[in-house]
Structures are given as structure tokens and as C-alpha cells.
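All remarks here apply to the structure that follows.
The values are calculated or read from the model by the stated rules, or taken from the named source; none is laboratory data. Everything quoted here is computed from the prediction, not taken from an experiment. Here Cβ is always computed from backbone atoms with ideal geometry, including for glycine, and neighbour counts include all displayed protein chains. Please note that ligands, DNA and RNA were not included when accessible areas were found on the heavy atoms of the full protein model with its side chains. Shrake-Rupley method; radii C 1.70, N 1.55, O 1.52, S 1.80 Å.
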Amino acid sequence: MKVLIVNENALVSQAMRAILESHDFEVSLSPYALHTRAEQPGIPAHARPDVALVDIRVPDSGGIEAGRRIIREHPLAKVLALTAQEDTGVLTAASQAGFHGWVLKDASVSQLVRSIRGALEGRIAQPVRGSTRRPGRLQSPAERDAALLAQHLTRREREVLGLLVEGQNSQSISHALSLSSHTVRTHIQNILTKLQVHSRFEAVSFAVRFDMTLEPARLGGGTAGGE
């Protein structure tokens, strides 16, 4: 499996390459640092990556543009945003550009490898952590708006969204809930519409950002709860 790393820090890139090569990935590095849109990184012609890790926290949206270029030149590649923090605006821009998820720079080796392998299997890459919401803290206006949107989700849609947050793809959701692939696609489209987002990545980001309480999956299907 081929991985391309596009990072403004050469030392970090070299360290990541050593780590990933020890896990049997074939790794290429972008030969130029990221600075601005006008100074785009060179993508090695021989790279043909299966997954690209792109540092998006650089000036002038250079990382987003680099990811968009990789997607254009290698449409089968899964492009993951590499970021130091969950900036909703930046991650939304990455989603709209066609990124397949994101990985935090302080992720453990096992998390990094799991994110890459999951992306290759079609799962959205995103960090999974415990809730950071403090008991009794007042909701912000954005959180109140999010809660109102989330109220429109049916029980089954919350189950499907919960599985998306866990990193499951449509096929695995279909198997886990004993639903047809068409039904799963319908639920996912309903989730996107009700949450007013445009992609699975954004839906997962929404659920993680606002710490949504999701329904545990009721394995084996059924017709109750808003099929």
C-alpha cells in the first residue's frame, strides 16, 4: 500500500515515513514545503498513492489546495487531512474539497495506522475520544442550533450515524443492522439533509464536535424506531 506524505516540516515527514515503513507501507514524500497556493508541493510522478496524508494547517489554504490537486490527479486515492486541532471551518473546507477524513498530529502510531487502513477500506478517518463537555456547562448558540437539528433524526438514523462515527462504511452498516444497501443510503441521505451538511465526513464532524448522544446499534434490523 502506497502512502504519500505532504507536510511542511521535513523532519516530521521523515519520522512519519520511518514509522509507516515499519508497518509495511510504501511511503513517498512531497519534495517541497507547503507555503502558499502559488508554491504548491510537487507530487512525485511515481507516487500513485493509495492514501495521502496532507498537512492542512498552513498559510493561505495551501494544504487544502494540495489535497484537491492530489484528488484530481489520483481520483482513487483517499486523502486524509493531517491537523494539530479540530478546526471546524478548516475541516469543512477539507470535506468540501473531497478529503476522506482527518488525523490529529499527536495521534498514536496505532491510531495513525488504523486510520490509514480504515480509509483504504472506505471508512471515514476521524479521531475517537471521550467527551470534553463539562457537566452543567451552558450550551453555546451553535450547540443549541445543533441540538435542534439533531432532534429531527429518527432512532434508526441515530444508529446509522453512530456507526459512521465508529468508522463503519455503508457495507458494514448494512450487515450490522440487517438492512439493504439502498435503505442504508437512504438513511445516510436523510442524516445529511436533517443536519444540513453535505457529506458523511461533515456528518461525522458534526456529531463529534457537538458530542451528540447517539443510539446504540440494534443489531439484526427490524421495523421499529423509524425504519
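For an R0 of 25 angstrom, estimate the FRET efficiency from the Cβ-Cβ distance between Asn9 and Glu73 and round to the nearest 0.05.
Working: r = 23 Å, r/R0 = 0.93.
Rounded to the nearest 0.05, the efficiency is 0.60.
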So, relative contact order of segment 66-127 in percent, Cα under 8 Å, 6 or more apart, is 32 percent
What does the net charge come to around Ile188 if you take all other residues with beta carbon closer than 10 Å to its beta carbon, with K and R at +1 and D and E at -1? +1
Order the following by accessible area, largest value first: Met1, Met16. Probe radius 1.4 Å; ligands, DNA and RNA are ignored. Met1, Met16
From highest to lowest solvent-accessible area (probe 1.4 Å; ligands, DNA and RNA excluded), Val103, Val208 read Val208, Val103
Does anything in segment 145-175 have its amide N under 14 Å from the 7 Å Cα→Cβ label point of Thr193, and if so which residues? 152-154, 157
Label points 7 Å out from Cα along the Cβ direction at Ala107 and Gln171: separation in nm? 2.1 nm
Order of exposure, largest accessible area first, which applies to Asp24, Asp145 with probe 1.4 Å: Asp24, Asp145
Run the numbers for Ser178 and Leu149: contour at 0.36 nm per residue of separation, minus the present Cα-Cα distance, in nm. 7.8 nm
